[in-house]
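Nothing in this text is a laboratory measurement; each read-out follows from the coordinates by a stated rule. Everything quoted here is computed from the prediction, not taken from an experiment. We place every Cβ from the backbone using ideal geometry, glycine too, and count neighbours over all the protein chains shown.
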């Protein structure tokens, strides 16, 4: 299963890049290529304790985000987004165990690196978005590390089978992404039919189809699929 998943994903990347190069080469003279860069810098201080009279574990995180996006023409877009974090404080002193937890990446490709590991600080950089997007008329195809946002409520998202996250991770506004392929069709301005397939931890596959529409002033979702090579949804 793992080898076949790797082969399918790599072939899909090559095919998509071939389409991307063909279309961009034919249109590069018509419009000037545009690349944008955005981002922010934030910091968060936390303290963990089991009693007010006991010891506190303090930690500080300086978080920098860099978002690159390229508009090659009116049909093709690519993005690369980086999450850079500097950890200092008591938690870093747990050493290799804590460093491995911060540097863990459950995607097909390991795109998280601990750049510096010292006794008092840890510097990590992660690529959590790396995708190519091709759209034509009512169709849109996206391949690469992306967020498939089927669950859109604030706390409980049982239909978010691709990018589940902890509600308590409030320092990560962008939320995690998936190494996936996603095909969308928009029959109207208020409806979309789509299919997505993701390869994740230990090359377990999640594949599902969804139809979302509006009726009687309510939003509905109908979805069915296979999650983590184990469960039917």
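Please give the helix 2-27 orientation as an angle from the longest Cα principal axis of the chain, in degrees from 0 to 90, rounded to the nearest 10.
60
What residue among 189, 42, 53 has the largest mean-square fluctuation in a Gaussian network model of the chain, using Cα springs under 10 Å?
Its mean-square fluctuation being the largest, the pick is 53.
What number, in nm² with one decimal, is the all-direction average of the projected area of the convex hull of the alpha-carbon atoms of the chain?
16.4
How do 230, 59 line up, fewest other C-beta atoms within 10 Å first?
With the sparsest Cβ surroundings first, the list reads 230, 59.
Take the eigenvalues of the Cα gyration tensor for segment 29-130, scale each by 5, and report the square roots as semi-axes in whole Å, largest first.
They are 37, 15, 10 Å, listed from largest to smallest.
Which order results if 112, 166 are arranged by neighbouring Cβ count within 10 Å, fewest first?
The most exposed by this proxy come first: 166, 112.
Using the count of nearby Cβ atoms within 10 Å as a rough guide to exposure, how do 131, 113 rank from fewest to most?
Neighbour counts put them in this order, fewest first: 113, 131.
Express the relative contact order of the chain as a whole percentage, based on alpha carbon pairs under 8 Å and six or more residues apart in sequence.
13
Among 134, 183, 101, which one moves the most in a GNM of the chain with springs linking Cα atoms closer than 10 Å?
Of the options given, 101 has the highest mean-square fluctuation.
For the chain, what does -39500 (n - 2.57) per DSSP helix run (n ≥ 4), summed and divided by total residues, give at 222 nm, in deg cm²/dmol to the nearest 500?
Helix-only estimate at 222 nm: -4500 deg cm²/dmol.
What residue among 120, 188, 178 has the largest mean-square fluctuation in a Gaussian network model of the chain, using Cα springs under 10 Å?
188
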